[in-house]
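Below is one structure, written out as structure tokens, with a few remarks after it.
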Amino acid sequence: MLRRINRWARVKSHPADAVSTLTSKLPATYQPIIRPLIERQSELFGVPESAFTGGDSGPHARSSFPTEEDVVDAEIYAFGSVLIILCVSEALRLSHERNDEGEIVTTEEKDCRVRLTYAVPFVEDPDVAEFERIIAEVWRGIEFRDPPSRSRRLREMAQGKPNTTRLPTDGELDAAEALSDKSVRRLAIAIKSSSGLLLSDAPKQIPPKERGRIDAIVQLLIDKELVDTEIVVICRDSSAQVNRVATADVLNGLDEQGVRCACGRPLSEEKHEKALSVTDFARSMLDGSAWLSVLVLRHLLNFGVPIHSIRMEQEYSGEEVDCVAEIYGRLVLFELKDKEFNLGNAYSFGAKVGIFRPDVPVIVTTEKVGADARDHFARSAVADRRSRRYATEGPVGDGGIKFIEGLDSLKAGIEGIITEIAGAALAPQLRSALSFSSAHPAALLAAWAGVERSSTPE
């Protein structure tokens, strides 16, 4: 599990040696990484530390890692299992305005910022109140804020359509968990398809090895409000179902009202059997495998993806989309199947990938991805790699389709995808900070050449 948490603040100015001052104020539980690296390299190369801490230009320029901002100083702290990346940026902003005389006047304004990035290997938010409190002692009056979540890719894809995704209820979560059991799901589908199923026929709907727990399965469906029980009246002469009532007690009342079977007997004298029927709630959970969507949504939320960055079971550009989420700026498209994912499904999913161009396409199936579908994706991957050659952002992992096969792999599969995306999102901030621990090779060799040695070669 890996999460990225970003916080930033704008300040009037940076104190002299702000990062060094911060490091000196922090308890020993915060282990700096960049400064010790610089000190060790300085010892090994025998050159001054200025060869590593110099700016982006000059005789001791740092390595030219790309940065998102004009970073002037940085440090990385290890705090238990949390990695804290601190970047201090400073940029000169120019603005052009006309004065009262109509002349264009250029003004300069220094934009100073402090950005914190937390790499967190667990779901809960880290306790970094102490760290941010000490930062406030160095940068007086600093106030951190969370960057706005824009979900740009989602907005482009949605083209103005509102997001109808909502948090699942406790009942929906319980029902989805129950239906994740294949035997429970098969029985529920059989009851739904038959418009009512005699309890005596229920064991025939599940595999023989599972029939020993039929009573527990039926009770689970009842407890989760997916199935109701009723009494079916069966004519002893024709063996036809002639009526259904909620309980056997209702039959006595019908007898008193003169209701009879077609054969003439009172209903209470006919054969009675208990039957199962699905509820409207069960239909809503089974139709379109909505229960699977609920499970996927639950895992995304539990791993830190906000609800406004997820869209479930919506239609865009004439295509039905099971789930799409924007995770750390990357668009992830999920295709959900409660069956084996075959070649026909592969063609359909390939069309969606071509339309929406997700950064990470994901197939979730309760069974397997068929060999013919895998072969199709392997052939398509060659052309896809050619198109990615000109992409502005690198792919997550190998850039190919991710497969999550079987519900036992669902949680770990989603966690792995989010971790991979978080790692790709954390890389730029980490590279930016690490650039302060490495001098440019030419500058380093120039410094090495100027070092006085105790002995001169003969």
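Listed values, structure above:
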| item | result |
| --- | --- |
| For region 412-420, Karplus couplings with θ = phi - 60° (6.51, -1.76, 1.60), whole Hz, Gly/Pro x | 5, x, 5, 4, x, 5, 5, 4, 5 |
| Cβ crowding within 10 Å averaged over residues, with 322-333, 212-223 ranked highest first | 322-333, 212-223 |
| 5 angstrom amide H check on residue 225, placed H, neighbours 5+ away | none |
| Virtual spin-label span in nm between residue 90 and residue 257, 7 Å along Cα→Cβ | 8.8 nm |
| Other-chain or far-sequence residues with amide H under 5 Å of residue 73's (modelled H) | 88 |
| GluC sites (Glu not before Pro) restricted to region 76-130 and DSSP loop, no more than 16 other C-beta within 10 Å | 101, 103, 124 |
| Integer Hz, Karplus 6.51/-1.76/1.60 couplings in order for region 91-99, x for Gly and Pro | 9, 9, 9, 9, 10, 10, 9, 8, 8 |
| Packing rank of 186-194, 312-320, where each peptide gets the mean count of other beta carbons within 10 Å, highest leading | 186-194, 312-320 |
| For peptides 157-167, 42-52, 226-236, sequence by mean Cβ density within 10 Å, most packed first | 226-236, 42-52, 157-167 |
| Whole-Hz ³J(HN,Hα) from phi, Karplus 6.51 cos²θ - 1.76 cosθ + 1.60, for region 188-200, glycine and proline x | 4, 5, 5, 5, 5, 5, 8, 6, x, 10, 5, 4, 5 |
| Centroid-to-centroid separation of region 83-98 and region 100-131 [C-alpha atoms, Å] | 8 Å |
| Dimensionless Rg ratio for region 411-451, taking C-alpha atoms and the 2.2 N^0.38 Å reference | 1.99 |
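Quick note: the coordinates plus some simple rules give every number you see, no bench work behind them. As the structure is a computational prediction, the values presented were derived from the model and not from experiment. So basically every Cβ, Gly included, is an ideal-geometry build from the backbone, and we count neighbours across all protein chains shown.
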